[in-house]
1. Report every pair of residues separated by at least 6 positions or lying on different chains whose Cβ atoms are under 8 Å apart, first residue within region 140-152 and in contact (Cβ under 8 Å) with a residue 40 or more places away in the chain, second in a loop (DSSP other than H, G, I, E, B) and surrounded by fewer than 23 Cβ atoms within 10 Å (Cβ to Cβ).
2. What number of residues within region 194-212 satisfy the criterion of being surrounded by fewer than 17 Cβ atoms within 10 Å (Cβ to Cβ) and part of a helix (DSSP H, G or I)?
3. Looking for something in the same structural domain as Ala160 (by TED's automatic domain parsing), more than 19 Å from Gly165 (Cα to Cα) and at pLDDT 90 or above - is there at least one such residue anywhere in region 200-210?
4. Which fully enclosed strands (runs of 3 or more DSSP E) of region 102-193 have 3 or more residues being modelled with pLDDT of 60 or more, surrounded by 10 or more Cβ atoms within 10 Å (Cβ to Cβ) and among the aromatic types (Phe, Trp, Tyr)?
Amino acid sequence: MLKSVFTTLRELLWTLIAVLAALALFGAVLAPAEFAGRLAGIFDELEGAGFDIKIKTPVGEASFDRAKAQQLVNSDREILDLRAELEAARGRIALLEATAPSTPTVVLPPAPLPETVPESRPELVIDPLIDPVPGQAGEPWVVIAGTERDLDSQRNELDALRRAGFGDAVILNSGGWYQTAVIYPDRAAADAALPRIAEVVGAGRGAYVRALDVICRDPAEVAGVPDLLACG
C-alpha cells in the first residue's frame, strides 16, 4: 500500500518537473530573459532539495546558463554598490571628524594650601648673673666656675683656681653633681671676682654668681675627702 503511494507521488513529481522543463524551453524561445531567470531560480531550489534536473535542449541550456550568469552579475553589482556606499560613509565620517571643533582642555589651578600660623612660644631668658632667689643680706655668695659629674676633672679645675690666687675655692657635691665654687661673704665681692674666675676656667665653662643657700643648703665637709663639701 505504502509502496504504491510513494510510486504515485514520484510520478507526480516527475510530471511536474517535465512541465517546468517545457515551460523553461518555451520561455527560452518566446518569453523574456526575466522569465527565464525566475525559472532558473526554481530549478536551483529543486537542485538544492536533491533533484537532478538537466535541460537537454541546447536552447534551453543556453537560456538557463544566461539566467544564472545574470544572477551572478547582479549579485556582484550589489556587492560593489554596497562597498561604494561604505567607502562614501567612511569619507563623510572622516570629514566630520576633521572639521569638528576641538574641545579645549581646561586646566584648573591647584587649590591654595591653608596658611599655617606658627605657634608662638614664650621666650625664656635666664640671666646667670641675676639670682632668681637672692639670699638674705649678709649671707655668703659663691661663684660657680664649672659643673661636672666627674670629681677628678673638677679637682683639676680647683687646682687651676688656686694657682690663680683663689685659695678659698672648694668643690660642692649637690645631687650627684660636682661644682667648682669660690665662696664670698656677700654678692658684691662675688660679682667683682666673676670676670677673673671666668678667665681662668675659660668662657666656655659659663661661670655665674649665686647665693650659697640656693646652690647648696647646709654644706658640710666630707670626712677623708679634702676640699669637698656635701650639700644638705
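The values are calculated or read from the model by the stated rules, or taken from the named source; none is laboratory data. On a predicted model such as this, the values are computed, not experimentally measured, just so you know. No Cβ is skipped: glycine too gets one built from the backbone with ideal geometry, and neighbour counts run over all protein chains shown.
1. Pro140/Pro185; Pro140/Asp186; Trp141/Gly135; Trp141/Pro185; Trp141/Asp186; Gly146/Gly206
2. Of all residues in region 194-212, those surrounded by fewer than 17 Cβ atoms within 10 Å (Cβ to Cβ) come to 195-196, 199, 202-204, 206.
Checking the rest, the ones that are also part of a helix (DSSP H, G or I) come to 195-196, 199, 203-204.
Of the residues in region 194-212, 5 are surrounded by fewer than 17 Cβ atoms within 10 Å (Cβ to Cβ) and part of a helix (DSSP H, G or I).
3. Taking every residue of region 200-210 in turn, at least one turns out to be in the same structural domain as Ala160 (by TED's automatic domain parsing), more than 19 Å from Gly165 (Cα to Cα) and at pLDDT 90 or above.
4. 177-184
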